[in-house]
Structures are given as structure tokens and as C-alpha cells.
1. State whether one or more residues within the stretch 178-198 are modelled with pLDDT of 95 or more, crowded, with 19+ Cβ neighbours inside 10 Å and among the basic types (Lys, Arg).
2. With the structure loaded, tell me whether Asp93 is closer than 27 Å to Thr492 by Cβ, in contact with a Lys or Arg (Cβ under 8 Å, 6 or more places away or on another chain), among the charged types (D, E, K, R) and surrounded by 18 or more Cβ atoms within 10 Å (Cβ to Cβ) or whether it fails that test.
3. Which count do you get for residues in the stretch 416-429 that are surrounded by fewer than 23 Cβ atoms within 10 Å (Cβ to Cβ), over 13 Å from Glu275 (Cβ atoms) and not charged (D, E, K, R)?
4. Mind counting the residues in the stretch 209-235 that are within 19 Å of the chain's Cα centre (by Cα) and closer than 18 Å to Trp27 by Cα?
5. Name the helices (runs of 4 or more DSSP H) wholly inside the stretch 1-87 in which the number of residues that are modelled with pLDDT of 95 or more and surrounded by fewer than 21 Cβ atoms within 10 Å (Cβ to Cβ) is 3 or more.
6. Give me a count of the residues in the stretch 259-276 that are assigned to a loop (DSSP other than H, G, I, E, B) and closer than 24 Å to Pro214 by Cβ.
7. Report whether or not Ala241 is in contact with a strand residue (DSSP E or B) (Cβ under 7 Å, 6 or more places away or on another chain), without any contact (Cβ under 8 Å) to a residue 60 or more places away in the chain and within 27 Å of Gly55 (Cβ to Cβ).
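The values are calculated or read from the model by the stated rules, or taken from the named source; none is laboratory data. All values derive from a computational prediction rather than experimental measurement. Cβ placement follows ideal geometry from the backbone for every residue including glycine, while neighbour counts extend to all protein chains displayed.
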Amino acid sequence: MTQTIADFIRARADDDHVALRHFDQSWSYRQYVAGCAQRAAFLLARRRPGPFHVGILLENVPEFPFWLGACAIAGATMVGLNSTRRGADMARDIGHTDCQFVITGHPFRGDIAGLETGLSAERIVDVDGPDYAVLLAPFEGAPLPAITVTPTDIFSLIFTSGSTGAPKACICSHGRMATLANTVSQYFGYDRSAVSYVPMPWFHAAAINMGWLPALAGGATVVIRKFTVSGFMDDVRRYGATHFNYVGKPLAYLLTAPEQPDDGQSTLRMVHGNEGAIDDQERFAKRFHCTVIDGYGSTEGGLSIGRTPDMPRGCLGMAHQPGVQVMNPETNQECPRARFDAQGQLLNANEAIGELVNIHGAQGFEGYWNNPEAEHRRVRDGIFWTGDLAYRDEPGYFWFAGRDDDWMRVDGENIASAQVEQALFRHPDVVLAGVYAVPDCAVGDRVMAALELRPGARFDPAAFEAFIAAQADFGTKWMPSFIRITEQMPVTATAKVLRRQLRQERWRTADPVWWKAEKEQTYRRMSSSDMEVYEARFAPGALQRL
């Protein structure tokens, strides 16, 4: 029988195992369930007609999982409000998802108070306010609500990261999330001895679906903290963390911390996530003596790709179900299989790279709230389109090649940003790399790379070019014409590089930019006069229209 998240919580009502830790505070599952019941009673007493949606705008604090659990057992839908959004964007997200309540606190309460959200003051709950305890006091000791929650009920609305456009609120049902939680819990070993360290933003799917829910399903302990490089290993030691879930580039950041003699003696045993560079995965696993598994996944679901024991280094894996293909979006035909030379360089990128799809439809995709246009872009002609670029080799393994807007057309050849980034990540000084297209003044694109270097590293353009040229699988047209050295890469809250912002800024940035005026030249610093001369080569208004 398909379970619900409400079932998971109700099953822990008499469990005295530690459920949640935060600094020196801890709560048993019994205490956690009682706190959820108290907050659920508050919501039910004040709900109004219409979608029973509760926006949560909090940092990584214990109140987040308490209100998340309250929503689940009350039959309400939790809306994860992205705390990096501000002003009109935040007001839009609250209105777009039909929130009846917003649960907030420091440091967001001032921002929320000044927004036109359509909510009255009593529907904005300040967990750090002086009246918060008084607000909940009448509901202390409330029993679990007599509410029937079904697998098809909506558990949460999770906004996509917004790395490629306006965020969309992805529908996540109780049944789908419960099934995922059970699977992850069993596969990655979230048993009673596990301690799940969850420092990723809790408004995002990674923290909830891959960090908290598997621990809840297995009865493990969850540590809620905020991600920092300096505090990570101290927290692992302090709490005895065994599991850590990431999304984006946290591994790259963590590897910049100075090595310690006892790194290999940590309690970590399982680290899992997605979009980590293969070199970072291997270095992290070796340094901390743990298993690192990087897989493919998205909030939307729709298809599944899994690892196999004999899979090639760096690939995504094999499809878990029939119908998963790489398709040319212009012809709706499956792309030819990828071919490689002896050095592993992809020989037929133009033909082999396409969009990852499921031709049997949107298995698992439950839609976007109030956004039929986005749903149509995701599911059309009976096919589920992931928005991710990929290629597939002859044995059937899938390889990630970036997002669908990460194409670059250089000298008539299609190049995916992920291909170039994988090579740049091998440089020992590169922490983060974002590769993207900038316009060529004649036709097509030029390659631009933004690099964040390790602390204390200095960019040596000649040495960098020599290193990249020595990579046997580096394509002849991949060499960046522009290299931006930045102290802080623009990223989403989940550490995904904001290529959209980088493309908009191009070479017009306060960061130093090295460039090749002509592709065969060596790198030199780009001056303001260089920018003016180069931009004068474009047709009038061409850059402004991009």
C-alpha cells in the first residue's frame, strides 16, 4: 500500500529516538510529532476556503521541519519559498502558489512585512516574534488531527532553482515523495544508527526529499544546519554525521579547506547528490574515507537513470525504465549513439548530443502549479522533455552535457558547456567553472569561461592554456576566447552556476577578463578600450538585443 508523509510522521508518535538536532538542542521523535500536531491544529483552526497552501520562508532552523511536518499531517501543502528571492519576485511566488499563510522569521520578517502579498498580518507567522509562543499556546497538547491524507494529495510545491529562467512550482504528491523516501532510505542505509547532516537550503528538494524524508522513513536522526566550508567537518565530528546529501558544487568548496590529519577518520559513510564533478567525487571519497554517489535526478521526476557497478567513469548510468532516449528536439528523432576516439573525445557531438527524454510520457511528473505553459514545454507530443542535454554511447550509458540552453555554436560545431567544464575542473586551482556562449561579431558564438580559483591561487594564462591544451580529450574548438576570474561565482541557493547571469554580463564586469582578440593569439588582459573596440565590430544594437 502506498504510504504518505503523514503516515511516516504518525508512525513516530511513540518513538523516543532522537529525531532532530540543532546546535545543543535535540528533540525526540515523540517530541517532534507533538510539536507538529500543535502547529497543525493552529493551521486547521485558521484555514480558509481555497488551496490549503502554507509558504515557509525560513533559514535552516528547527521550525522548518516542525512546520513541514505540521503541513503533512494537517493535509496542507508546504510551499518552499526561495529565501534568495526578494521584493516583487517573492510577492509573485507567494501569490502564484496561493499561499494562505507564510511562516517566516529572522532575517526575512521585515522584507515580508513590506510586500503586497494579499495576506493579512495575522496570516504571516513570525517564529522569532515576541507573540509566537502565545500564538501556539492554545494548541499545546493537541492530538494528531483527524485528517485523512491520501497518496494523491499534494505534499509540497517546490520551486525549481531558476538557473535557466523564472522558477516554476513543481507539484510533489505524498505518494511519490513517500515512495522516493523509502527507496532512498533503503538504498543509502538510513537506519536507526544513521545521522543525516542536512545543510542544503530546506526550501529545495534536495534537503527535504533526499536528506530529511529518507531519515524520517528509516527513523534516523537529522541534523539541521546551514552549509559552511569552515564548519562542515566540525559539525560532522560534533554530531557523528554518517550521511550528507548535496546538490551543485559543495564538494568543490569543501575540498578547498586545509587537509587535517584526521580527515580520514570521520564518521561519514555515505555522501550522495548530483552535479558534482567526477574529480571532486573521487578526491572527497579518498580524503574522507566515505562512499560518494553522484546520480541524476530532478524535482520533476519523469525518468530515472541509475548507476551500475561497471559503468564508465563520469557517466550518469543506465536508464531504469524503457523509453529513455536522447532526442533531437527539432526532428523528434533519436540521436545517433556517441562515438569516441582513443583519448575519449566525443567525435560526433553535433549528431549525438540532444535532449534527454522519455518517449513513453511523463512517468512521475505531476505538473507545475498554475503554469500550463511550462507543463506544455515539459510534456509535448506525448514525450517528457527533461530540459537536459545528454548523449548515449553504444553500450547504452547516458552522459550529461548540460542544460538545453547551454549549447554553443562555434565555427559550425555544437558544443555543450558541460563538456568543456569537465576538462576545466581538472585544473588543480579551479574550484568552480561556468562555461557559456558569448556572441561572435561575425557569426555564431565564442566560448567564455568564468573561473573561481582556490584561495591564494593566481591565474597564469600561459600555464592555464598549456594545461588545457595537454588534455587529450579537449576539443579543438573548446578553448575559451574569454576567461573571467571571479572571487565569487554567481550561483543559486543550491550552488548551481548562474550561467544566465554570466551570459548577460559577458565581458562587462568588474572582474578581470583575459581574452584572445583573435582565436590564434595568446591571452592578455581585456581593457575597457579593448571592450569598446571589440563591441564596435558588432552591428548597431546587436549586443543590446541579445
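1. Checked the stretch 178-198: no residue is modelled with pLDDT of 95 or more, crowded, with 19+ Cβ neighbours inside 10 Å and among the basic types (Lys, Arg).
2. Working: closer than 27 Å to Thr492 by Cβ: yes; in contact with a Lys or Arg (Cβ under 8 Å, 6 or more places away or on another chain): yes; among the charged types (D, E, K, R): yes; surrounded by 18 or more Cβ atoms within 10 Å (Cβ to Cβ): yes.
Against the criterion (closer than 27 Å to Thr492 by Cβ, in contact with a Lys or Arg (Cβ under 8 Å, 6 or more places away or on another chain), among the charged types (D, E, K, R) and surrounded by 18 or more Cβ atoms within 10 Å (Cβ to Cβ)), Asp93 qualifies.
3. 3
4. The total comes to 6.
5. On the way: elements: 5-10, 29-46, 63-74.
The helices (runs of 4 or more DSSP H) meeting that bar are 29-46.
6. Residues of the stretch 259-276 that are assigned to a loop (DSSP other than H, G, I, E, B), as a first pass: 259-262, 266-269, 275-276.
Next cut, closer than 24 Å to Pro214 by Cβ only: 266-269, 275-276.
So the answer is 6.
7. No.
Per-residue answers, yes or no, for (1) among the β-branched types (Val, Ile, Thr); (2) outside any helix (DSSP H, G or I):
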{"position": "Ser298", "(1), (2)": "no, yes"}
{"position": "Thr308", "(1), (2)": "yes, yes"}
{"position": "Met311", "(1), (2)": "no, yes"}
{"position": "Gly314", "(1), (2)": "no, yes"}
{"position": "Gln325", "(1), (2)": "no, yes"}
{"position": "Glu330", "(1), (2)": "no, yes"}
{"position": "Gly344", "(1), (2)": "no, yes"}
{"position": "Val357", "(1), (2)": "yes, yes"}
{"position": "Arg377", "(1), (2)": "no, no"}
